[in-house]
Amino acid sequence: MISLNFAPVVGYLTSIYGTRKVVAVGAIIMMFASAALPFIDSLVLLFLTFSILFGSGTSLVYISSMPIIADYFTDRYALANGITWVGGGLGTMTFPPLVETLIQVYGWHGTFLILSGLCANNFVCAMIMKPVAKMAKKQDKEPPEMQSDTDALQEYKSESKESINSHSNRVHGPDGYTSVQETEKSTDDVIDAEHQGDRRARSNKKTRSNIFSVIYRMWGLYIFPKYPRITLLVACMIGFGVAMVMYLMWIIVRAVNIGIPRMQAAALMTAFGVSSVIGRLSHGWFVDLKLISPMALLASMLMLNAISILIYNLVMSYVIMVIACVGIGLSHGVCLPMFIVCTREMVHLEDLPGAIGLIFSMNTIFGGLVLTFAGKLYDDTGDSRMPLFVAVMFCGSAAVIGTMAVCVNRYRSRRQLDTSGRDGEHSE
């Protein structure tokens with residue numbers, strides 16, 4: 001969770017250096033952090049190595065690998081994006097038993113070393129991520145403010161000399177006044193000193209402005225004023241992120257607390273994982289065929305997620321709980337990649353890394369805060385349903401916001417059509 005707090009910074013680095021370099025650096029960090037874990041015997045070092053170092057490497061690999069899909073796929077982007085997300089679902093299902101087997105065979109030290117080797121494969125993947133060559137080169141036009149200091153100085157001197165020459169009839173040499181040549185020379189010295197001071201002041205002001213500009217862009221804050229519509233999408237992501245953390249933490253706890261055996265409770269997560277993979281594979285077809293808009297599909301899946309969590313939280317039958325987990329997993333598998341597709345429709349391609357980083361950081365920050373509150377709520381009440389009710393509330397709110405966004409988009413589209421129709425009638 002700590003790793004995604006730096007997601008906006010990763011998006012900023014990706015927009016500058018590209019996906020290949022950022023993923024390669026992240027893979028190296030993950031590899032060395034995993035290899036160092038077996039030799040750590042301090043809780044502080046464990047936190048710094050696993051949470052900070054390994055988490056940062058994970059964020060570099062995870063966030064920076066998303067925008068490159070939009071570079072290669074335009075017609076089938078939703079389908080391609082969904083297929084890439086299938087790997088996360090398969091890894092969630094296969095890695096826990098794999099790690100458990102490795103621990104039994106090789107122990108903790110050997111398991112971490114093997115995981116370090118698996119992390120190194122991300123470096124190979126980074127080498128395959130070839131950046132798309134730009135077809136059109138940007139024209140290098142120098143803006144007016146980038147005019148050389150020499151030209152500006154010469155222009156300033158010429159204007160000052162013209163002012164001096166206009167009053168030269170009052171300057172005499174023998175009568176004790178300063179000569180014209182000396183006046184011009186001293187004036188040049190004054191102009192040089194004044195220009196150097198102005199240039200130094202502009203340089204200091206520009207440096208301060210550049211620092212704030214870098215921070216502003218690094219954390220993706222420029223996305224909000226540039227693309228106001230993304231505010232509703234961020235609000236949806238916050239609601240869904242909070243709900244996601246809740247049901248991933250409390251589904252099995254809820255089943256065990258009502259007396260379901262642990263193996264059957266674990267099977268609920270298997271149903272969740274299988275339906276999530278199916279959702280990620282299938283939703284892209286509907287979006288790419290224009291059968292439904294991305295935002296409308298996202299809003300409907302958020303509503304399905306909230307309803308499924310509510311049903312799971314209220315029933316006692318194991319069969320109905322399995323069905324509810326299928327609904328949660330299906331909506332979960334669709335929602336995560338659909339947030340990326342909706343972001344791609346709202347922002348320009350060059351701003352996509354920063355927008356993705358901003359959305360996922362909001363998800364992590366608010367999810368972590370509400371998770372702490374839900375844990376305290378469970379400790380005080382002893383009722384595992386309370387955190388899931390919180391999940392229903394947040395996910396339902398996200399569904400309502402998504403529905404509002406769909407209605408606003410349709411209203412704007414109809415208004416534009418009406419305006420264009422009236423303009424066509426007037427032109428005729």
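The values are calculated or read from the model by the stated rules, or taken from the named source; none is laboratory data. Owing to the predicted nature of the structure, the values given are computational and were not obtained by experimental measurement. Neighbour counts are summed over all protein chains in view; Cβ atoms, including those assigned to glycine, are modelled from backbone coordinates with ideal geometry. Calculation scope for accessible area: heavy atoms of the full protein, side chains included, ligands and nucleic acids excluded. Shrake-Rupley method; radii C 1.70, N 1.55, O 1.52, S 1.80 Å.
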query = Nearest 0.05, what FRET efficiency do GLN264 and SER51 give at R0 = 45 Å with Cβ-Cβ as r?
reply = 0.85
note = Expressed in nanometres to one decimal, the distance between label points 7 Å along Cα→Cβ at VAL132 and LEU377 is 4.3 nm
inquiry  = Would region 63-115 count as rounded, prolate or oblate if I go by the C-alpha gyration tensor, calling it rounded below 1.5 in a/c and otherwise prolate when a/b exceeds b/c, oblate otherwise?
reply    = prolate
query = On full extension of the chain, what length is gained from LEU113 through LEU349, given 0.36 nm per residue of separation minus the C-alpha to C-alpha distance?
reply = 81.1 nm
Using alpha carbons only: equivalent-ellipsoid semi-axes of region 43-93, gyration tensor based, whole Å = 30, 13, 4
note = Distribution output for region 1-62: share of Cα-Cα pairs per 5 Å bin in percent, first bin at 0, values 4, 21, 28, 22, 14, 7, 4, 1
key: Label-to-label distance, nm, for residues given as TYR17 and ASN409 (7 Å Cα→Cβ offset)   = 3.4 nm
request  = Indicate the gyration tensor shape class of region 226-316 (rounded, prolate or oblate), computed on the Cα atoms with a ≥ b ≥ c the square roots of the eigenvalues: a/c under 1.5 is rounded; otherwise a/b larger than b/c is prolate and the rest oblate.
outcome  = prolate
message = Can you give the Rg/Rh ratio of region 297-427, where Rg is from the C-alpha atoms and Rh is the Kirkwood radius?
response = 1.12
message = Could you check the spin-label model distance between ILE83 and PHE224? Points 7 Å from the Cα along Cα→Cβ, value in nm.
response = 3.8 nm
query = For a paramagnetic label modelled at 7 Å from the Cα of LEU98 toward its Cβ, which residues of region 1-35 fall within the zone defined by backbone nitrogen distances under 19 Å?
reply = 27-35
key: Probe 1.4 Å - accessible area at LYS226, Å² to nearest ten   = 100 Å²
message = Based on the alpha carbons, how large is the Rg to Rh ratio for region 270-324 when Rh follows Kirkwood?
response = 1.06
query = Between region 62-77 and region 304-377, what's the alpha-carbon centroid distance in Å?
reply = 21 Å
inquiry  = Once R0 is set to 56 Å, what does the formula 1/(1 + (r/R0)^6) return for the Cβ-Cβ distance between PHE32 and ASP418, expressed as a FRET efficiency to the nearest 0.05?
reply    = 0.40
Descending semi-axes in Å of region 26-131, equivalent ellipsoid built from Cα gyration tensor = 29, 16, 11
task = Using a 1.4 Å probe and ignoring any ligands, DNA or RNA, find the accessible area of MET244 and quote it in Å² to the nearest 10.
result = 30 Å²
query = Just for the Cα atoms in region 312-383, what are the lengths along the principal axes, largest first, rounded to whole Å?
reply = 49, 30, 11
Percent RCO, i.e. relative contact order, over region 277-334, from Cα pairs under 8 Å lying at least 6 residues apart = 51 percent
task = Add +1 for every Lys or Arg and -1 for every Asp or Glu among the other residues with Cβ under 15 Å from the Cβ of VAL22, and state the total.
result = +2
inquiry  = Taking the full set of protein chains and a 1.4 angstrom probe, give the accessible area of VAL322 in square angstrom, rounded to the nearest 10.
reply    = 40 Å²
request  = Under 10 Å from the Cβ of ARG229, count the other residues' Cβ atoms, weight Lys and Arg +1, Asp and Glu -1, and hand me the total.
outcome  = 0
